[in-house]
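To keep things clear, I will list the structure first and then write my remarks on it.
The values are calculated or read from the model by the stated rules, or taken from the named source; none is laboratory data. None of these values were measured; they are calculated from a predicted model. Neighbour counts run over all protein chains shown; Cβ positions are idealised from the backbone, glycine included. With ligands, DNA and RNA removed, areas are computed over all heavy atoms of the protein, side chains included. Shrake-Rupley method; radii C 1.70, N 1.55, O 1.52, S 1.80 Å.
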Amino acid sequence: MRPVVPTDCLYYLISRATLAATSLIKRELAAAGVQQVSPAYLGILMTLWNSDGLGGLELGRGAGVEPSTVTGLLDRMERDGLLARQPDPDDRRAQRICLTALGQQLREPVLKVVGEVLSRASAGFSDQEITTSKNFLRQFLANTQEERRGTHG
């Protein structure tokens, strides 16, 4: 029987890389004085920085966050003063998610930290290797999402 080597397992490598990057980003955000931003908030923040005032479903889709996770994440982000829920003027049953002044102000420092961390983490990779890696991960993510929904061919 062939030995099982964790570093030969794609899942192991992806999960370890994610954990290591998350830990480093969290530490660097705190060092930069933006400790109220958790790495878990990044997808929501990036989506709102591009298109503020989205509904919860739109925001979750844009950020790649599961619907079951969105409410709790938004609750924590609201508690941390990064966003506010506002009534939707077109549908009184719905809410729009809007960045607060703090949420808007943190864009540059947060993106700077994330960019610096990712730059250090990807040192030694060519631009082509980074592009190829992003394409691979996008396809990997799409494949796993199809599997979860049971829509694979």
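Of all residues in the range 98-131, those that are open to solvent by 50 Å² or more (accessible area, probe 1.4 Å), in contact with a helix residue (DSSP H, G or I) (Cβ under 8 Å, 6 or more places away or on another chain) and of a type in the set (G, A, S) total 1.
Here Q95 meets the list (1) touching a Lys or Arg at 6+ places or on another chain (Cβ under 8 Å); (2) open to solvent by less than 80 Å² (accessible area, probe 1.4 Å) almost entirely, failing just condition (2). Checking L29, L19, L45 one by one, the residue that is within 21 Å of T144 (Cβ to Cβ), out of contact with any Phe, Trp or Tyr (no Cβ under 9 Å at 6 or more places or on another chain) and of a type in the set (A, V, I, L, M, F, W, C) is L19 and no other. Reported count of residues in the range 7-51, each being open to solvent by 70 Å² or more (accessible area, probe 1.4 Å) and of a type outside the set (V, I, T), is 14.
Evaluation of V37 against the conditions (1) of a type in the set (A, V, I, L, M, F, W, C); (2) under 20 Å from E116 (Cα atoms); (3) not in a loop (DSSP other than H, G, I, E, B) shows that the sole unmet condition is (3).
Determine whether the range 64-75 contains at least one residue that is open to solvent by 40 Å² or more (accessible area, probe 1.4 Å), out of contact with any helix residue (DSSP H, G or I) (no Cβ under 9 Å at 6 or more places or on another chain) and charged (D, E, K, R). Yes: the range 64-75 contains one or more residues that are open to solvent by 40 Å² or more (accessible area, probe 1.4 Å), out of contact with any helix residue (DSSP H, G or I) (no Cβ under 9 Å at 6 or more places or on another chain) and charged (D, E, K, R).
The single condition among (1) modelled with pLDDT of 95 or more; (2) touching a Gly at 6+ places or on another chain (Cβ under 9 Å) that E66 does not meet is (1). Restricting attention to the range 76-92, which residues are open to solvent by 80 Å² or more (accessible area, probe 1.4 Å) and touching a Lys or Arg at 6+ places or on another chain (Cβ under 6 Å)? Scanning the range 76-92 gives a single hit, Q86.
Entry remark, the range 41-67: residues being more than 24 Å from I25 (Cα to Cα), in a helix (DSSP H, G or I) and among the hydrophobic types (A, V, I, L, M, F, W, C) number 1 in total.
Applying the set (1) hydrophobic (A, V, I, L, M, F, W, C); (2) loosely packed, with under 15 Cβ neighbours inside 10 Å; (3) modelled with pLDDT under 95; (4) closer than 24 Å to S23 by Cα to L57 leaves exactly one unmet item: (4).
How many residues does the range 76-95 hold that are touching a helix residue (DSSP H, G or I) at 6+ places or on another chain (Cβ under 9 Å), in a strand (DSSP E or B) and at pLDDT 90 or above? Write out each step before concluding.
First, pick out the residues of the range 76-95 that are touching a helix residue (DSSP H, G or I) at 6+ places or on another chain (Cβ under 9 Å): 76-77, 80-85, 94-95.
So of that shortlist, the ones also in a strand (DSSP E or B) come out as 83-85, 94-95.
Checking the rest, the ones that are also at pLDDT 90 or above come to 83-85, 95.
Residues that pass the stated criteria total 4.
Under 8 Å between Cβ atoms, at least 6 apart or on separate chains: pull out the pairs that start in the range 100-117 with a residue that is free of Cβ contacts under 8 Å to residues at least 60 places away in the same chain and end on any residue that is among the aromatic types (F, W, Y). If the second residue must be among the aromatic types (F, W, Y), the pairs left are Q104/W49.
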